[in-house]
Structures are given as structure tokens and as C-alpha cells.
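Below: the structure, in C-alpha cells.
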Amino acid sequence: MAAKTRKRRAIREAGWGRTLVAGAIGLVYFAPVLWIVLTAFKTRQDALATPPKLFFQPTLENFVRVFYRVTTDGEQLSTGMGLYFFNSMFVAGAGVLLATVIGTLAAYGFSRYPLRGNDTYLFVILTTRMLPPIVVIVPIFLMFRVTGLSGGYVGIILLYAMFNLAFSVWMMKSFFDELSPDVEDAARLDGASDLTVFFKICLPQLKAGLAATVVFALILTWNEFLFALLLTGNDTRTVPVAMARAMGGQLGVDWGLLAAIITLFLIPIFIFTYILQNHLLRGVTFGTVKK
């Protein structure tokens, strides 16, 4: 009975009118993504039809052409898109993992062992994210050419890690600041070392914060275009760069092919975010309610 009462109250609090309005607004936001997905299943004629078609005969032809193309001799060749998808996942994953590990350790130090002028150091770290990438691309390009990192995996992974580091430090420091130091002090009185406190006391409480940091950093890295365009080679090219090259052609933009690439490109980040959505929501709202 009490459960039914709580359920009725929850429905009354939301209200069908507000729910419908929220659903309509959500549909408006999702409409561009939905249109891209629908276009991926259209033929070239249906994709360019005027007025646009909502009902059509779906086809998987565009998804096949993402990975294979047919020459004028009828020979089927690989487009290399499979390698580009692997490159995107490997480069983004390694860069975010490296930035999260270093950023979490640095954030713990800034939170628990503050230096003199602690806020100044944090501000200096933040300034690395204040400049648009195109401003710093020339010195970075020269550094890559001098050190021989251009065109390889190591250089682009280190670059992505560096650019995500400021974000990771600031995000994780805010989560560490919300933890009560009393539990850590009690563990130290029981003989726990700093590493034990960090790994067994602090980190288990920060799963939501880690999830939020990783998801946001991964989205930023996954969609990055400029550095990937100028600093990767043919074998280390990522999907955004390959996507831009797929847009060109004498017959104009092949919207069906482009929509198919975008649809496939959305799937990994969509699945990853969906798996971590509970931790992500907790991480975003962490510390917003004072106990």
C-alpha cells in the first residue's frame, strides 16, 4: 500500500503534461541523430529526394560500401575503414586511460597534500585547455617532426593524454575534495599506508567520478579532428579524418555513405556511455547536495 502511494505521488510530481513536453524536447534534440541513422539505410535517390522521405525501402548497401568499394573492373577492394575504426578506439582509449591515471594521482596530491600557491598551479594547468587547438598546432607540428613522433601511435596518444590531463585533474580534484578525510585518518591510525588509503579507501568511493571523467574525456578525444588530420599517417588515421575524405568526390557528397560511417562511429561511444550511465549521472551530480 505504501509502495502504491509512493508510486502515485511520483506520477503526480512528474505529471503527464511535463512528461510529454520533456519527451518532445528530447525528440527535437535527438532528431538530427535519428535523421542521420535513417539516411544510412536509404539509397542515394531516397537520400536526395525532395521532399525528404520518411518511409522508404531500407538497404544495407551504404554499410557495405563503408568497408568495401567496387572498381570499374568489378573488383571489390577494402576501403581500410576497419583499420581506421581500430585506430580511433586504440588512440582514444589509450590517451584517455593515460590521462585518467596521471590526472587522478595528481588530483589526489593537489587535494590531500596542497602546495603553496596550490590554486595557482591548478590555474596554470587549466590554461592548457584555454587555447583552441588550431593556435598551438604549428609548434606541436614542429615538435612532432623534430622528435620523429609524427605519423605514429605514440605521438598522438601522448598528445591526447596531455590535452585531457587538465580536464582530468580538475574533475577528479573536485571529487576528492568531497570525500571526508576522517575515514582516511582512521585508516592511517590503523597502520594503512598512503597507497593503501588511495587505492582501498578513496578510489572505491570515486567510481562515479572516474566514470564521468572518462566519458567526457573519451567523447572529446573520440571526435577530435584537427590533430588527427595533421599528425597521423596513413596507417594511424582515425575515423573523423577518413570521414572527411569520404565526403569528397566529383559527384558531390555521398550522404548515404557518410551517414553510414557516422552511424557506425556513434555505436562504440553510445554503448560505452550507456554501460556507465548510472555512474555517469551520479558523477555529474556528485557534491551538488550538501549533507
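A few comments on the model shown:
- Of the residues making up segment 162-186, just one is open to solvent by less than 10 Å² (accessible area, probe 1.4 Å), under 16 Å from the mean Cα position of the chain (by Cα) and hydrophobic (A, V, I, L, M, F, W, C), namely Ala166.
- Evaluating Leu20 against the criteria (1) open to solvent by 100 Å² or more (accessible area, probe 1.4 Å); (2) modelled with pLDDT under 90; (3) of a type outside the set (D, E, K, R) leaves one unmet condition, (2).
- Criterion (farther than 18 Å from Lys173 by Cβ, in a helix (DSSP H, G or I), open to solvent by 30 Å² or more (accessible area, probe 1.4 Å) and out of contact with any Pro (no Cβ under 9 Å at 6 or more places or on another chain)) met by exactly one of Leu195, Leu218: Leu195
- Arg237 within 23 Å of the chain's Cα centre (by Cα) and without any contact (Cβ under 8 Å) to a residue 12 or more places away in the chain: no
- Per-region count, segment 21-45, residues of a type outside the set (S, T, N, Q) and assigned to a loop (DSSP other than H, G, I, E, B): 2
- Subset of segment 240-264 that is within 23 Å of Arg145 (Cα to Cα) and not small (Gly, Ala, Ser) - its residue that is surrounded by the fewest Cβ atoms within 10 Å (Cβ to Cβ): Pro240
- Filtered residues of segment 128-141 (kept if in contact with a helix residue (DSSP H, G or I) (Cβ under 7 Å, 6 or more places away or on another chain) and open to solvent by 90 Å² or more (accessible area, probe 1.4 Å)): Arg129, Ile134
- Among the residues of segment 125-176, the ones that are touching a residue at least 12 places away in the same chain (Cβ under 8 Å) and charged (D, E, K, R) come to 2 in all.
- Residue count for segment 142-161, restricted to those that are among the hydrophobic types (A, V, I, L, M, F, W, C), open to solvent by 80 Å² or more (accessible area, probe 1.4 Å) and touching a helix residue (DSSP H, G or I) at 6+ places or on another chain (Cβ under 8 Å): 1
- Filter result for Thr236 (surrounded by 17 or more Cβ atoms within 10 Å (Cβ to Cβ), assigned to a loop (DSSP other than H, G, I, E, B) and touching a helix residue (DSSP H, G or I) at 6+ places or on another chain (Cβ under 8 Å)): yes
- Residue match in segment 50-58 (condition: of a type in the set (S, T, N, Q) and under 23 Å from Ala244 (Cα atoms)): no
- Filter pass, Ala211 being surrounded by 13 or more Cβ atoms within 10 Å (Cβ to Cβ) and farther than 30 Å from Val138 by Cβ: yes
- Whenever a residue of segment 30-58 is among the hydrophobic types (A, V, I, L, M, F, W, C), its partners that are open to solvent by 70 Å² or more (accessible area, probe 1.4 Å), lying with C-beta atoms within less than 6 angstrom and at least six residues away or across chains, give the pairs Phe41/Pro58; Ala47/Trp255.
The values are calculated or read from the model by the stated rules, or taken from the named source; none is laboratory data. No experiment lies behind these values; they were computed from the predicted model shown. A quick note on method: Cβ atoms are made from the backbone with ideal geometry, for glycine too, and the neighbour counts reach across all protein chains shown. Calculation scope for accessible area: heavy atoms of the full protein, side chains included, ligands and nucleic acids excluded. Shrake-Rupley method; radii C 1.70, N 1.55, O 1.52, S 1.80 Å.
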